Amino acid sequence: MPILSRAAVVVGADGLIVEVHPHPERALSDGDQSLTFVEFRRMMSDLEPYLDLQREACELRPQLLAAGGAD
């Protein structure tokens, strides 16, 4: 899940749906695809630099369009 989340952020996804469970092995459904709270925090920390790049790109886009640059 963390690798797919990173890819989604890089291509500009508007959001992510992530299943989190304190004990995935005890989950009644989808435990094998759930992250623990620690794994979720780690994933979000890992995504931060990619989110920063995406924010910067969004801030630059209006300037490029006003200057006649291609998107």
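Tabulated data for the structure shown
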quantity	calculated
Residues that are modelled with pLDDT of 90 or more, loosely packed, with under 14 Cβ neighbours inside 10 Å and either in contact with a Ser or Thr (Cβ under 8 Å, 6 or more places away or on another chain) or not in a loop (DSSP other than H, G, I, E, B) (or both), drawn from the range 8-19	16
The range 28-60 - residue that is open to solvent by less than 90 Å² (accessible area, probe 1.4 Å), touching a residue at least 12 places away in the same chain (Cβ under 8 Å) and charged (D, E, K, R) and, of those, nearest to residue 9 (Cα to Cα)	46
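The values are calculated or read from the model by the stated rules, or taken from the named source; none is laboratory data. As the structure is a computational prediction, the values presented were derived from the model and not from experiment. Methodologically, a virtual Cβ is constructed for each residue, glycine included, from the backbone with ideal geometry; neighbour enumeration extends over all protein chains shown. Protein only, heavy atoms only, side chains kept; ligands, DNA and RNA dropped before computing areas. Shrake-Rupley method; radii C 1.70, N 1.55, O 1.52, S 1.80 Å.
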